[in-house]
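Step one of this worksheet: look at the structure below.
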Amino acid sequence: MKYIVVLPAAGSGKRMKAGHNKLFLTLRGKPILIHTLDVFEQDLDCIGIWLAVKPEERVIIQEMLKQYNVTKVKGMPAGGAERQHSVYACVKEASNEAELILVHDAARPFIEPTVIKQLTQKAHETGAAIAGVKAKDTMKRVHNHIIEETVDREQLWIIQTPQAFHTSILTNAQHQADQDGFLGTDESMLVERLNIDVHVVESTYDNVKMTTQEDLLIGEAILQKRQQEEN
């Protein structure tokens, strides 16, 4: 199932405390951004990548793409003040390129190709599908550090990316959110506002987002595990 993918890459990475864009940090000597891009570069179903970037980092990223032979990046519009605005900038540029569009966190370099394939198939069939994993821990609703209730974790999922949609659905959802001045935490939230069912495809716990220094250690461990599995 052919698709395009949007990756917001204009964040500041404050929680990583790196002093610069966390996507430029390396795992096994390669920038996090390139690890993520490689997944889509190698997927034959991916026909284009759009990156939302800081204008002052565009040249750095272009050099990086050239160095690592990433050829599918078709556009790099300027990112907005919020992630939602960055994604919208890319979608407006890319909306006529394919019937399916994925949005993926640039800081999630370990998404499995099999999950992408399941997502695109489900989104093709239904209009909207997102990646997630079942909650493993006991979950409690807390207010002012006091437990209000223990929530049944069987009904709780930890949501990840990619999130896949018919391009027309995502475009409409983003336009409506923009008109309403609504800011969501992910693209699914915008689509849900249109009363469209969003399906969850089970992902893997390896699909972690590189957010803190501790996540870098997890990333190194995942890469080591994958290398051992290949040998």
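Listed values, structure above:
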read-out	value
Other-chain or far-sequence residues with amide H under 5 Å of VAL200's (modelled H)	ILE130
For region 121-211, share of DSSP beta bridges that run antiparallel, in % to the nearest 5	75 percent
Accessible area of region 31-100 belonging to carbon and sulfur atoms, whole % at 1.4 Å probe	47 percent
Amide H contacts of LYS134 (H built 1.01 Å from N, under 5 Å, at least 5 apart or other chain)	ILE158
Relative contact order computed over region 60-171 (Cα-Cα under 8 Å; 6+ residues apart), in percent	29 percent
Per residue value of the accessible surface for the chain (all protein chains in place, 1.4 Å probe), Å²	53 Å²
Computed label-point distance, nm, for sites GLU112 and GLU56 using a 7 Å Cα→Cβ extension	4.1 nm
Linear extension gain, THR138 paired with GLU93, 0.36 nm per residue minus alpha-carbon span	12.0 nm
Solvent-accessible surface (1.4 angstrom probe) belonging to MET210, in square angstrom, nearest 10	0 Å²
FRET efficiency estimate (nearest 0.05) - Cβ-Cβ, ASN195 to GLU220, R0 45 angstrom	0.55
Dipole magnitude of the chain, debye to nearest 20 (Cβ charges: Lys/Arg +1, Asp/Glu -1, about Cα centre)	620 debye
Spin-label model distance (nm) - ILE146 vs THR185, 7 Å beyond Cα toward Cβ	2.3 nm
Amide proton proximity set for LEU25, modelled H, under 5 Å, gap of 5+	ILE32
Radius of gyration and maximum dimension Dmax of region 56-211, Cα, Å	17.2, 53
Cα gyration tensor category, rounded, prolate or oblate, for region 14-133 with a/c compared to 1.5	prolate
Hz values of 3J(HN,Hα) by residue in region 92-98 - Karplus curve (6.51, -1.76, 1.60), Gly and Pro given as x	4, 6, 10, 4, 9, 8, 7
Length gained when the stretch ASN69-ILE47 is fully extended (0.36 nm per residue, less Cα-Cα span)	6.4 nm
Probe 1.4 Å - accessible area at LYS136, Å² to nearest ten	130 Å²
Rel. contact order, % - alpha carbon contacts under 8 angstrom, at least six apart, region 103-226	36 percent
Distance cut-off 19 Å, percentage of C-alpha pairs in region 138-231 lying past it	64 percent
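The values are calculated or read from the model by the stated rules, or taken from the named source; none is laboratory data. Remember, it's a predicted structure, so these values are computed and weren't measured experimentally. When we count neighbours, we look across all protein chains shown, and the Cβ atoms used for this are built from the backbone with ideal geometry, even at glycine. SASA here: full protein model, heavy atoms, side chains in, ligands and nucleic acids out. Shrake-Rupley method; radii C 1.70, N 1.55, O 1.52, S 1.80 Å.
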